[in-house]
Amino acid sequence: MIEAFLFGWIGWPIGMLVNGLANALPRRRVVPLWEDGGGLPSAWIRAVRTGAFPRRRDLIVELGVPILWGLTAARFGLSTRAGLVALYLTVLVLVTVTDLERRRIYDAVMLPAMALAAILAPVSPWLGAGPVGAWLMGLGAFVFFFLMAMLTRGGIGGGDATLAAFIGLTTGFPQGLHALAYGILIAGGVSLFLLLTRRATLKTAIPYGPFLALGGAIGLLGWITS
């Protein structure tokens, strides 16, 4: 319980950073670390101080990231695994926000994240089949989704391919296959629901990244068994 509380506090400023990055990436600006008045760039503090209700996304992300960090610590304790999984989950949150809002998964986020996951694979003992399995899983996932992006001509984007590679690198083999399968199944189920309820048509662009990210989160938290 104490571990979850501590990780939650660490996750709070990380959530602010995610909001800052989601705002700055489309404009290619520097992420502000402080408000104009010198305070923390916190949506919740801003709401209390000004009485104005911030964007719902800012509030959700700033609350959701600490919850994810706390959940990770509750799951794995104070360990290297908990720290790395919390970091990887943070990347998935950022990807989800930018894909929902901008229909973009930015290389400026994914390429460093993939490189970090590849470098840290040898010190990530939870990876199925070890670091080699993770590297091959990441490569295979990228190739598969890249080919799908070419075949669908816009249904799946190149950013989805890099996201799939990141999920493969961070979950290993065969857990990565299961995580991606979960994401694909969830995406199919939600898309079918939207079609049946006429909230979308076959021509409606539905972002794929958030579903892959959800599957990746399930895999990272160890909720998938081989």
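The values are calculated or read from the model by the stated rules, or taken from the named source; none is laboratory data. As the structure is a computational prediction, the values presented were derived from the model and not from experiment. Virtual Cβ from ideal backbone geometry, glycine too; neighbours counted across all protein chains shown. The protein model used for the area step is the full one, side chains on, heavy atoms only, and it has no ligands, DNA or RNA in it. Shrake-Rupley method; radii C 1.70, N 1.55, O 1.52, S 1.80 Å.
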key: Meets criteria (in a helix (DSSP H, G or I) and modelled with pLDDT under 90) for Pro26   = yes
request  = Considering each of Leu40, Leu6 in turn, give the residue that is more than 18 Å from Leu94 (Cα to Cα), surrounded by 13 or more Cβ atoms within 10 Å (Cβ to Cβ) and modelled with pLDDT of 90 or more.
outcome  = Leu6
task = Check segment 145-163 and report whether any residue there is within 19 Å of Arg81 (Cβ to Cβ), in a helix (DSSP H, G or I), modelled with pLDDT of 95 or more and β-branched (Val, Ile, Thr).
result = no
Which numbered condition Gly128 misses (of (1) without any contact (Cβ under 8 Å) to a residue 60 or more places away in the chain; (2) touching a Pro at 6+ places or on another chain (Cβ under 7 Å); (3) not aliphatic (A, V, I, L, M)) = (1)
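Just a yes or no: is a residue in segment 92-100 touching a residue at least 40 places away in the same chain (Cβ under 8 Å), open to solvent by 20 Å² or more (accessible area, probe 1.4 Å), in a helix (DSSP H, G or I) and over 24 Å from Phe7 (Cβ atoms)? Spell out the reasoning first.
Kept after step one, since they are touching a residue at least 40 places away in the same chain (Cβ under 8 Å), are these residues of segment 92-100: 92-100.
Checking which are open to solvent by 20 Å² or more (accessible area, probe 1.4 Å) leaves us with 93, 96, 100.
Subsequent filtering for residues that are in a helix (DSSP H, G or I) retains 93, 96, 100.
Right, trim to over 24 Å from Phe7 (Cβ atoms) and you get 100.
The answer is yes, given that some residue of segment 92-100 is touching a residue at least 40 places away in the same chain (Cβ under 8 Å), open to solvent by 20 Å² or more (accessible area, probe 1.4 Å), in a helix (DSSP H, G or I) and over 24 Å from Phe7 (Cβ atoms).
Taking Leu169, is it part of a helix (DSSP H, G or I) and either of a type in the set (Lys, Arg) or modelled with pLDDT of 95 or more (or both)?
Numbers: part of a helix (DSSP H, G or I): yes; either of a type in the set (Lys, Arg) or modelled with pLDDT of 95 or more (or both): yes.
It is true that Leu169 is part of a helix (DSSP H, G or I) and either of a type in the set (Lys, Arg) or modelled with pLDDT of 95 or more (or both).
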remark   = When every residue in segment 169-226 that is without any contact (Cβ under 8 Å) to a residue 12 or more places away in the chain and hydroxyl-bearing (Ser, Thr, Tyr) is compared, the one surrounded by the most Cβ atoms within 10 Å (Cβ to Cβ) is Thr204
